[in-house]
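These notes concern the structure reproduced below.
The values are calculated or read from the model by the stated rules, or taken from the named source; none is laboratory data. These figures come from a predicted structure and were not determined experimentally. Here the Cβ is made from the backbone with ideal geometry for all residues, glycine too, and neighbour counts use every protein chain on show. With ligands, DNA and RNA removed, areas are computed over all heavy atoms of the protein, side chains included. Shrake-Rupley method; radii C 1.70, N 1.55, O 1.52, S 1.80 Å.
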Amino acid sequence: MKNKTSKILKYLVIIFFILLIIIIFLILFLKFKNNNKSKTESEENNISENNMFNETIQNGLNETNTNNEVPENNNVESKLKKVINNKSYFLVKQCIEIYYGNYVYDYDENATSTPYTLISILDLIDKEAKDALNINESNLSNIYGNIDSPMFCIDDMYEQTLDNNKKIYLVYYRLESSSGISSSELLVKIDEKNTTFSIYPYEYLRINNFLNLKENDKITINNLEEIENKQINKYSTESLLQDSETCIKELFEKYKFDLLYDVEGLYSKLDDEYKQKRFNTLEIFKQYINTNKTDLYLDSVIKYNARKYENYIEFIGISNRGNYYIFNAQNLNNYKILLDNYTVVTRQYKELYKASFPNIKSKYCIERFFNSINSKDYTFAYSKLLYIQKNNYYPTIGDFENYVKNNLFNKFRYECDEGMSISDNMYQFNVKVYDEENENSASKNLKVTVTLLDEESNEFNIAFVIE
């Protein structure tokens, strides 16, 4: 009996120690899991912070502007700071769209002088501005004139904090109307508590000497009351998207504004190296636009790609007509444009090219060559032609242009096989070319030979024969 009791105690002690070990193990496991989870979350946050599609990009399109933080005591001595973040940009743009979208005229057929009177817009103009300009229903149309659905393009923007809930934005923009393009300025006052806004128009800035202000200047606003909700002056925070697709569409919209209304402004936004290589004078650029009006005016971006670098983001958009648009943007008001993907080798292209096998590099070269022909840029294509073929068949660029026009399609797409190696730096491909403008047209077969030259400069030569 004693032995039996001793055995039971022995088993109980063993079970106790086993349970104790299990409990200790569980405690250590849970602690390790929590630590690991925290570490993982931290890593994920770091990855997210460096992701090009994230809403917070260092010195980029979505950086949060913290230069105008508000002191707790509401004694604000804030100055104008340049806006570099998406959220503020799209918020202010939304307010200006509402403002100009409400240039609505109330028709009075019995009126003897002005049968149209502006309505609704009075609810958008700040009381301080209305008092200063003595704006009322009877003189509103005299002050603003007859602007019919104007188009505008924001060029620059500055922010100044007023108090814990309110900010003002000084906006520089261009306005298109029946009389042409004009540069203008206005103030947008935001009440974040009520999600409402009001406008100080150009005339108010003019009479108060607030024109042409820049960073670190200060605007004095006396009306710090809450902005009353009049429905029409409500802005939406839900529509303030900040992803890459929204950004490239906005950049493309700004490009389209310049294309339609301000070609010289568009020319100034071209990347310097690209401008020098493809459009070294404004007249050449204007001629290009006039020649390609239909394609350019009807283009819209349907595909896009974005990649973040140290101090800018490279957006690449492909249009419904196969044209490329590249925006190297520090923010939505500071960017440079390239109108093709072959004249200047982009940073993203260089990375892909360097990491690829020689036959893939050769395919990239074929793409650049054919894209230039599709763009009617015979100067670039001719510069890449193998000198033997150039000397024997196309001694001048005009000869080459005539041959291409007579033997290839006006707009074409192509398919390329995997190619075969002829030497260490030379590859040959069978390429089938299809007419983009006529599906019933027969395809054409080409034999294309690519010679890879200096890898650092991505240079190449091409020879082709239509079979």
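Structure values in brief
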item: Boolean, Glu253 is of a type in the set (Asp, Glu), open to solvent by 40 Å² or more (accessible area, probe 1.4 Å) and under 27 Å from Ser177 (Cβ atoms); result: yes
item: Residue count, segment 104-161 (criterion: buried (at least 17 other Cβ atoms within 10 Å of the Cβ), at pLDDT 80 or above and either in a strand (DSSP E or B) or polar (S, T, N, Q) (or both)); result: 9
item: Of all residues making up segment 260-282, the number that are of a type in the set (A, V, I, L, M, F, W, C) and farther than 24 Å from Ile84 by Cα; result: 4
item: Among (1) open to solvent by 40 Å² or more (accessible area, probe 1.4 Å); (2) within 24 Å of Leu175 (Cα to Cα), the one test that Ile289 misses; result: (1)
item: Residue within segment 234-256 that is under 21 Å from Asn331 (Cα atoms) and aromatic (Phe, Trp, Tyr) present; result: yes
item: Where a residue in segment 439-467 is within 12 Å of Ser362 (Cβ to Cβ) and its partner, wherever it lies, is small (Gly, Ala, Ser) and surrounded by 11 or more Cβ atoms within 10 Å (Cβ to Cβ), with Cβ under 7 Å and at least six apart; result: Thr449/Ala463; Val450/Ser362; Leu452/Ser362
item: Restricting segment 323-337 to residues that are assigned to a loop (DSSP other than H, G, I, E, B) and closer than 12 Å to Phe252 by Cβ, the residue that is least open to solvent (accessible area, probe 1.4 Å); result: Leu332
item: Filter result (outside any loop (DSSP other than H, G, I, E, B), closer than 28 Å to Asp258 by Cα and either of a type in the set (Ser, Thr, Tyr) or open to solvent by 20 Å² or more (accessible area, probe 1.4 Å) (or both)) within segment 338-366; result: Arg347, Tyr349
item: Selection count where residues are open to solvent by 20 Å² or more (accessible area, probe 1.4 Å) and more than 31 Å from the chain's Cα centre (by Cα), scope segment 367-388; result: 5
item: Residue count for segment 410-438, restricted to those that are on the phi < 0 side of the Ramachandran plot, surrounded by 12 or more Cβ atoms within 10 Å (Cβ to Cβ) and of a type in the set (Gly, Ala, Ser); result: 1
item: Complete set of residues in segment 159-177 that are out of contact with any Pro (no Cβ under 9 Å at 6 or more places or on another chain) and free of Cβ contacts under 8 Å to residues at least 60 places away in the same chain; result: Ile168, Tyr172
item: Matching residues, segment 197-238, being over 21 Å from Leu80 (Cα atoms) and either hydroxyl-bearing (Ser, Thr, Tyr) or part of a helix (DSSP H, G or I) (or both); result: Tyr235, Ser236, Thr237
